[in-house]
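The values are calculated or read from the model by the stated rules, or taken from the named source; none is laboratory data. Quick caveat, the model's predicted, so the values are computed rather than measured. Positions of Cβ are generated from backbone atoms using ideal geometry, with glycine treated the same way; all protein chains shown enter the neighbour counts. Side chains included, ligands, DNA and RNA excluded: accessible areas come from the protein's heavy atoms. Shrake-Rupley method; radii C 1.70, N 1.55, O 1.52, S 1.80 Å.
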Amino acid sequence: MQLYMSTICVGQVLLLLWKGMEFLQARTIPALPNKPERKRKSKRILWLVILLCIVLLAVLFFRSPISKIDKVTFIGQTFVTSERLGEATGLVAGAPYFTVSDNEVVATIKSTFPFVKSVKVNKHFPGKVEVFVEEFEAVAYELDAEGEVLASLVNGSSVSLSEMKAVVLEKPLLTGWKDKQALELKAKLTKQLIQIPDSLLADISEIVYDPSASFSDRIRMYTRSGFEVITTVDLLPTKLAYLSGVVETQEPGRITMLKADSYISYTNLAKNDHDVLDEQKNSTQ
């Protein structure tokens with residue numbers, strides 16, 4: 001009897017243990033889905049912190065001097081100062097370095113200053129910017145209505161020399177090029193002058209627009225070596241060999257280079273003029 005009762009008690013205890021285990025399993029199973037959710041939240045917080053750190057570092061970097069232009073160097077310009085180039089392009093010390101656009105700088109300089117032929121921008125981090133400026137070559141000079149000296153460039157444009165500290169007029173001075181036809185012809189003349197050797201071009205002191213009935217583009221040139229040259233804009237390139245030969249070998253005089261070439265020294269020219277005057281006097285007596 002006692003054995004029977006003990007067996008029942010043991011069975012009841014085992015039954016209770018089994019139900020207790022089922023209960024515990026029932027209590028612990030719903031908690032499993034919460035673990036992945038906590039992991040996702042942790043990852044989100046981590047990425048948010050990283051993003052905030054990146055934003056903070058970016059703000060600090062772009063506010064620091066290392067992100068600014070420290071030095072700007074303009075190289076090659078003669079007709080405009082570095083200060084004016086900096087004002088036009090915004091390339092000044094303290095400006096944002098990373099917002100500098102090479103194409104915008106080139107376009108701005110060429111549109112603002114027509115005498116600029118080409119522009120190249122080199123950036124050196126941190127904060128260094130170099131701008132190489134190539135200008136159209138000056139082939140002559142002229143005076144405007146106010147008496148200001150202008151440089152006539154090979155592309156036909158003119159530029160004031162007021163910003164240059166010193167001007168050495170080693171190129172010809174253009175005079176009489178005021179009317180519409182002369183201005184159109186001057187653009188052609190500047191392209192012809194670039195073909196003249198520097199030594200000969202430096203010897204030409206003045207070029208006067210002197211049209212005639214036969215030659216609408218006739219010009220009269222005066223050299224520092226004492227020659228007077230009569231020719232046309234169209235004929236000038238083909239007559240250079242003759243001009244050089246006479247200037248280098250003859251005494252000062254008048255050189256005519258039109259359909260036919262001729263040369264007469266001032267000595268003979270004065271003698272001819274004297275003979276003409278004598279003939280006129282004799283004819284009137």
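Listing for the model above:
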| item | result |
| --- | --- |
| Two-decimal log10 I(q)/I(0) for segment 127-265, as the Debye equation yields it once each C-alpha is a single scatterer, q = 0.12, 0.13, 0.19 Å⁻¹ | -0.49, -0.57, -1.13 |
| Antiparallel bridges, percent of DSSP beta bridges restricted to segment 68-185 (to nearest 5) | 70 percent |
| Residues of segment 163-241: accessible area per residue with a 1.4 Å probe, Å² | 49 Å² |
| Accessible area of segment 78-199 belonging to carbon and sulfur atoms, whole % at 1.4 Å probe | 55 percent |
| Computed E for ASP261/LYS117 - FRET, C-beta separation, R0 41 angstrom, nearest 0.05 | 0.70 |
| For segment 156-251, with +1 on Lys and Arg beta carbons and -1 on Asp and Glu, the positive-most of LEU240, ALA213, ILE230 along the dipole | ALA213 |
| Value of relative contact order over segment 175-234, rounded to a whole percent, pairs C-alpha under 8 Å and six or more apart | 29 percent |
| Cα-centred dipole magnitude for segment 42-117, charges only on beta-carbon of K, R (+1) and D, E (-1), debye, nearest 20 | 320 debye |
| Percentage relative contact order, segment 143-209, counting C-alpha pairs under 8 Å, at least six apart | 37 percent |
